[in-house]
Amino acid sequence: MNDLSRLEDLPPPYLEPLARHSLVPLWPSLRALLPPGVPTRKTQAACWPYAAIRPLLMQAGELTPIDKAERRVLVLANPGHGPESLQATAAIYLGMQLLLPGEWAPAHRHTPNAVRLIVEGQGATTTVAGEQCVMERGDLILTPTGQWHEHAHEGPAPVVWLDVLDLPLVHYLEASYHVNGPRQGVVPEHGEQLYAQGGLVPSVDFERAARPQPMLRYPWAQVRAALLALATNRPGQASVQVTYTNPETGGDVQPILGCYAQMLRPGQRLRLPVRSPAMVLHLIEGAADVVIGEQPFALAEADTCCAPGYTEVTLSNRSAELPAFLFIADETPLHKKLGVFENRG
Ligand code: GTQ
């Protein structure tokens, strides 16, 4: 951040006492800290094809037992941030996690918020605060800050999901830590059954907002149906997108990252508005081309890419017959809370 080479303009007898007193002149760094017009971003346009990740993840399954790994994850590390930083954008961490039949990833809770988007396999569950969430392809499962969670797998084939956490931000804030715990008891109720039945909720023994995030699982079948209905009901609308919301507040599902599902109509080309938050895109179904700034990527199912903020992103459905469906996560709630959100159209 500090352009140290420009300090050479200053005489060493001046610089030496500055260093001794932990003082730094601002003026050599001012333009780097506050560049003209557009922020400097480490986050690069990047893409992780699932075809590259999958065999390496399966190899990890052979090389590293779950009790040693605790979480068997390959991190999608943005080259602009470097491999050690383990981050996709300034605030977003992405990882592909593998659980093999019979495995259990033990209970813990931590300060960063997580969401999981199921990529392949059946028969695994994530238990969050006692609620056992079935993991099926395309489902979104929340693990809000501070809630106990563990993953178990009784099915016959490997299960893989995409972890999206606000870990880089929480770590930057020096607020990231975890606590291990014993296996959770399971409660019979499920938030998505309590809330997602046409506006009905139980009349007895039901307390609104008893939990900060009342719905933990957003089944893909319901999200997909909502997008198809939206596309049919609003034939003239270009962007067919839904936001995953908290059914009690109507606001975002998590405090820092926003989650959305986007449908591309057959043959559709869609330019997204240029906005301040960075985002990640994951193709759930279909085939799509994405251009991030100047960089084109051809997405196949289960491919994941990431776009820095203040950058033009254009999506094109490669099929003229079938819709395409993407999961999107971005930093919008964070930018809005901080007052730095910008939409440049
Ligand atoms: O499954 O709890 O990718 O704690 C990173 C940290 C997954 C998890 C990650 C985690 C988890």
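Some notes on this structure:
- Filtered residues of the stretch 232-249 (kept if within 23 Å of ILE292 (Cβ to Cβ), in a strand (DSSP E or B) and of a type in the set (Ser, Thr, Tyr)): THR243
- At least 3 residues being over 24 Å from ALA51 (Cβ atoms) is the threshold, and among the strands (runs of 3 or more DSSP E) wholly inside the stretch 250-303 those reaching it are 258-264, 269-272.
- Residue selected from the stretch 42-98 under the condition in contact with a Lys or Arg (Cβ under 7 Å, 6 or more places away or on another chain) and assigned to a strand (DSSP E or B), by the criterion nearest to the ligand (Cβ to nearest atom): GLN97
- Unique residue being of a type in the set (Gly, Ala, Ser) and over 18 Å from ILE66 (Cβ atoms) when the list is GLY123, GLY138, GLY155: GLY138
- Filtered residues of the stretch 107-137 (kept if within 10 Å of the ligand (Cβ to nearest atom), closer than 18 Å to VAL186 by Cα and touching an Asp or Glu at 6+ places or on another chain (Cβ under 6 Å)): ALA107
Here is a yes/no grid of residues against (1) farther than 25 Å from VAL313 by Cα; (2) out of contact with any Leu (no Cβ under 6 Å at 6 or more places or on another chain):
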residue: PRO17; (1), (2): yes, yes
residue: SER22; (1), (2): yes, yes
residue: PRO28; (1), (2): yes, no
residue: LEU33; (1), (2): yes, yes
residue: CYS47; (1), (2): no, yes
residue: PRO55; (1), (2): yes, yes
residue: MET58; (1), (2): yes, yes
residue: PRO83; (1), (2): no, yes
residue: TYR93; (1), (2): no, no
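- First in the stretch 159-182 and touching a residue at least 40 places away in the same chain (Cβ under 8 Å), second anywhere and basic (Lys, Arg), Cβ under 6 Å, 6 or more apart: TRP161/ARG116; ASP163/ARG116; VAL179/ARG109
- Residues that are of a type in the set (Asp, Glu) and over 16 Å from the mean Cα position of the chain (by Cα), drawn from the stretch 158-202: GLU174, GLU189, GLU192
- Some residue of the stretch 138-154 being in contact (Cβ under 8 Å) with a residue 12 or more places away in the chain, on the phi < 0 side of the Ramachandran plot, more than 13 Å from the ligand (Cβ to nearest atom) and touching a strand residue (DSSP E or B) at 6+ places or on another chain (Cβ under 6 Å): yes
- Taking the stretch 229-265 as the range and being surrounded by fewer than 14 Cβ atoms within 10 Å (Cβ to Cβ) and not small (Gly, Ala, Ser) as the test, the residues that pass are THR232, ASN233, ARG234, PRO235, GLN237, THR249.
- The one condition in (1) exposed (fewer than 14 other Cβ atoms within 10 Å of the Cβ); (2) farther than 16 Å from THR125 by Cα; (3) charged (D, E, K, R) that GLU189 fails to fulfil: (2)
- When the stretch 171-191 is filtered for residues that are among the hydrophobic types (A, V, I, L, M, F, W, C) and assigned to a loop (DSSP other than H, G, I, E, B), the ones remaining, listed by number, are LEU173, ALA175, VAL186.
- Scanning the stretch 289-305 for residues that are under 23 Å from VAL115 (Cα atoms) and out of contact with any Phe, Trp or Tyr (no Cβ under 6 Å at 6 or more places or on another chain) yields a total of 3.
Each value in this text was obtained by applying a stated rule to the coordinates, not by laboratory testing. Remember, predicted model here, so these are calculated numbers, not experimental data. For neighbour counting, all protein chains shown are included, and Cβ atoms are generated from backbone atoms with ideal geometry for every residue, glycine included.
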